[in-house]
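For reference, the structure discussed in these notes is given below.
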Amino acid sequence: MRLVRVRKSCRGERILAIPKELAKKIEAGYMNVQLDDSGRLTYTPVSISEVT
């Protein structure tokens, strides 16, 4: 588990960075992101066919 910082962009958006060593392992072009009932942020890979 890695601690990451939530940053605020110049447009007021909040951005969460994924550590480089984890990002290298991600093979998906798109991710579905959701917050569960306990407050956990989950990322699920989405295939391109589901996006288009």
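What GluC sites (Glu not before Pro) does the chain have in DSSP loop regions with at most 12 other beta carbons within 10 Å?
Of the GluC sites (Glu not before Pro), the ones in loops of the chain whose Cβ has at most 12 other Cβ atoms within 10 Å are 13, 27.
What does the accessible area per residue of the chain come to in Å², with a 1.4 Å probe and no ligands, DNA or RNA counted?
99 Å²
What does the charge count around residue 15 come to, taking other residues whose C-beta lies under 12 Å from its C-beta (Lys +1, Arg +1, Asp -1, Glu -1)?
Net of charged neighbours comes to +4.
Run the 1.4 Å probe and let me know the accessible area of residue 48, rounded to the nearest 10 Å².
110 Å²
Return the sequence-ordered ³J(HN,Hα) values of region 18-23 in whole Hz as given by the Karplus equation 6.51 cos²θ - 1.76 cosθ + 1.60 applied to θ = phi - 60°, using x for Gly and Pro.
9, x, 3, 5, 7, 4
Looking at the chain, which longest stretch skips every one of the trypsin sites (Lys or Arg not before Pro) that is in a DSSP loop with at most 10 other Cβ atoms within 10 Å, leaving the sites themselves out?
Segment 26-39 is the longest.
When the solvent-accessible surface of protein heavy atoms is calculated with a 1.4 angstrom probe, in what order do 49, 9 fall, highest first?
I get 49, 9, largest accessible area first.
Percent relative contact order of the chain, based on C-alpha pairs within less than 8 angstrom and at least six residues apart?
Contact order relative to length: 23 percent.
How much length would be gained if the chain were fully extended between residue 43 and residue 2, taking 0.36 nm per residue of separation minus their Cα-Cα distance, in nm to one decimal?
Going from the current span to full extension adds 13.3 nm.
Please compute the Cα-Cα pair-distance distribution of the chain with 5 Å bins starting at 0, giving whole percents from short to long.
Going from the shortest bin to the longest, the percentages are 4, 15, 20, 25, 22, 13, 2.
What is the percent carbon and sulfur in the accessible area of the chain, measuring with a 1.4 Å probe over the protein chains and ignoring ligands?
Carbon with sulfur: 53 percent of the solvent-accessible area.
The values are calculated or read from the model by the stated rules, or taken from the named source; none is laboratory data. Here the structure is a predicted model, which means the values were calculated and not measured. All Cβ positions, glycine included, derive from the backbone under ideal geometry; neighbour counts span all protein chains shown. The protein model used for the area step is the full one, side chains on, heavy atoms only, and it has no ligands, DNA or RNA in it. Shrake-Rupley method; radii C 1.70, N 1.55, O 1.52, S 1.80 Å.
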